[in-house]
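Single-structure report; data block below.
Coordinate-derived values only; no laboratory data. As the structure is a prediction and not an experimental result, all values here were calculated from the model. With ideal geometry, Cβ positions are generated from the backbone for all residues, glycine too; neighbour counts draw on all protein chains shown.
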Amino acid sequence: MTELNKIKNIKIRKAKRSDSKSILKLITELAEFEKLTPPGKAASDRLLKDAFSKKPLFRIILAETNHEVIGYAFYFFTYSSFLAKRTLYLEDIFITEKFRSKGIGRLFFKKLINIARKNKCGRMEWVVLDWNANAIKFYENLGAGELKEWKTFRFSF
């Protein structure tokens, strides 16, 4: 157990269906932070079904302290045709405001990197909003590199 885990009593663990209410609360908090509309009832129901089915479409890990869920990371696997290996894609990472800048993000990334290595991934990828200077600085401090030649495009249905 790391010193941070001992001092702060912070644990990174796999989410369970019983965490659903806490997960949805944090998603709403993230939506507010990003000035977006949080998922409605139907979307929330789909999200939980997709996360906790027999063959989940994505996985969730949580940060917890004193039985309080304080952050989450959603991830899934894609595939790189050039590496001929899986890629761990980090869809969302979020830590509630009062627990930011306490090393929890580093704990999440350590866990995610371990998951990627265990699954023989060739890389891990994610995107960040261009205005989120704190997140960009955090990722750069971890040693992550920005892909300057790539732009993200999207169809929304």
* **Amide N of the range 74-92 lying under 13 Å from the label point, which is placed 7 angstrom from the Cα of Phe33 along Cα→Cβ** => 74, 92
* **Spatial separation of Cα centroids for the range 23-70 and the range 81-157, in angstrom** => 17 Å
* When the dipole is taken about the Cα centre of the chain, and only Lys, Arg (+1) and Asp, Glu (-1) are charged at their Cβ, what size is it in debye, to the nearest 20? -> 800 debye
* Show that you can apply the helix-only estimate: for the chain, add -39,500 (n - 2.57) for every DSSP H stretch of four or more residues, divide by all residues, and state [θ] at 222 nm to the nearest 500. => -11000 deg cm²/dmol
* Structure fact -> One finds, for Leu142 and Asn9 with R0 = 25 angstrom and r their Cβ-Cβ distance, a FRET efficiency to the nearest 0.05 of 0.60
* Structure fact -> Mean-square fluctuation maximum in Gaussian network of the chain, Cα pairs under 10 Å, restricted to Arg86, Arg46, Arg59, hits Arg46
* Among beta bridges that DSSP assigns inside the range 3-142, antiparallel share in %, nearest 5 -> 90 percent
* Asked: Projected onto the charge dipole of the chain (+1 at Lys/Arg Cβ, -1 at Asp/Glu Cβ, origin at the Cα centre), which of Thr152, Phe99, Ala133 gives the Cα projection farthest towards the positive end?
  -> Phe99
